[in-house]
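Undergrad: Right, I'll just put the structure down here and ask away after.
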Amino acid sequence: MSITTYSELQTAVSNWLKRSDLTSYIPDFVTLGEARIFRELRSVDMETSFSTAITTGVISLPTSYLALKFSYINSSPVQWLGRKTARWIYENYPTRSSDSTPKFIAREGQSFIFGPYPDSGYTVKGVYYKNIGPLSSSAHAVFTNNPDLYLFAALVAATPFIKDDKRVVLWEAQYQGILKSEQGRSDKEEYSGSPPQMTPG
């Protein structure tokens, strides 16, 4: 059968489990499996751009933020922001008042902080990995491109109920293989295209 919707995924999980007594738990298995996917996968399908002005030295994390891919100060020339820990920022840039154009960025709680402390309301742009929402609300690219990943993630999530079932080891192996393949696809896409060319001048 095809697996193109939330409903079809639930049916597939039920068919693979062959446990009618677990039917009512299947939505939970899907939810837990999806949560695991968003913890472990950093796919091109999860990338979202952002553009936010710094206010009082910080910017709030973007909506449904999972991880930062890259960021820069939108200036001329562009100032790329190196990723650091919040502790590193405070240790190396203890002056937390107007200083200069930031060179580094760190996450602190639900905000990004900078070093040096910005001396203006610079606009920060970049790309981050986003939790694009539950499949139960609507289908999205992570699912439509990887229904097999969702299937095996949900099946493995049923482990507490079927921990002595030998299929669990096989399902986990399938999940890991598909996860690695999808991550590899995204990583390969990142560096696809023509080889770098020397530019005269």
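Every number here is computed from the coordinates shown, using simple stated rules; none is lab data. All of these numbers come straight from a predicted model, not from anything done at the bench. Note that we place each Cβ from the backbone using ideal geometry, even for glycine, and neighbour counts take in every protein chain shown.
Undergrad: Say the cut-off is 21 Å between C-alpha atoms; which of LYS125/LYS188; LYS130/LYS180; LYS103/LYS180; LYS125/LYS180; LYS130/LYS163 go over it?
TA: The answer is LYS125/LYS188; LYS103/LYS180; LYS125/LYS180; LYS130/LYS163.
Undergrad: While we're on this one: To the nearest 10 degrees, how steep is helix 147-157 against the longest Cα principal axis of the chain, on a 0 to 90 scale?
TA: Once rounded, one gets 70 degrees.
Undergrad: Taking the Cα centre of each part, how many Å lie between the range 86-155 and the range 16-47?
TA: First find each Cα centre; the distance between them is then 24 Å.
Undergrad: Here's something else I'd like to know. Find the relative contact order for the chain and round it to a whole percent, using C-alpha pairs within less than 8 Å whose residues are 6+ positions apart.
TA: About 28 percent, as a whole number.
Undergrad: Same structure again: Among 109-119, 70-80, what's the highest-first ranking by average C-beta atoms within 10 angstrom per residue?
TA: Per-residue mean Cβ counts within 10 Å order the peptides as 109-119, 70-80.
Undergrad: Can you give the local net charge around LEU61? Use residues other than it whose beta-carbon is closer than 11 angstrom to its beta-carbon, Lys and Arg +1, Asp and Glu -1.
TA: Net of charged neighbours comes to +1.
Undergrad: Next question, about the same structure. Near TYR90, within a Cβ-to-Cβ distance under 14 Å, what is the net charge of the other residues, with Lys and Arg +1 and Asp and Glu -1?
TA: +1
Undergrad: Could you please report the charge total around SER136, scoring K, R as +1 and D, E as -1 over all other residues with beta-carbon less than 14 angstrom from its beta-carbon?
TA: Residues close to SER136 contribute a combined charge of -3.
Undergrad: Can you tell me the 0 to 90 degree angle between the C-alpha axis of helix 6-17 and the longest principal axis of the chain, rounded to 10?
TA: Here the helix axis deviates by roughly 50 degrees.
Undergrad: Continuing with this model, one more query. Please tell me the relative contact order of the range 47-129 in percent, rounded to the nearest whole number, where contacts are Cα pairs under 8 Å and at least six residues apart.
TA: It rounds to 47 percent for the range 47-129.
Undergrad: Starting with the highest mean, order 180-186, 4-10 by the number of other Cβ atoms within 10 Å, averaged over the residues of each peptide.
TA: Most protected by this proxy first, the peptides run 4-10, 180-186.
Undergrad: Right, next: Please turn the phi angles of the range 63-68 into ³J(HN,Hα) values with the Karplus equation 6.51 cos²θ - 1.76 cosθ + 1.60 (θ = phi - 60°), one per residue in order, whole Hz, x for glycine and proline.
TA: Karplus-based 3J(HN,Hα) across the range 63-68 equals 4, 6, 4, 10, 6, 8 Hz.
Undergrad: Another one. Applying a 10 Å radius around every beta-carbon, put 25-36, 162-173 in order of their mean neighbour count, most first.
TA: 25-36, 162-173
Undergrad: Which label marks the calculated value of Kirkwood radius over Cα pairs in Å, given the options (i) 17.4; (ii) 19.1; (iii) 19.6?
TA: Evaluating Kirkwood radius over Cα pairs in Å on these atoms matches (iii).
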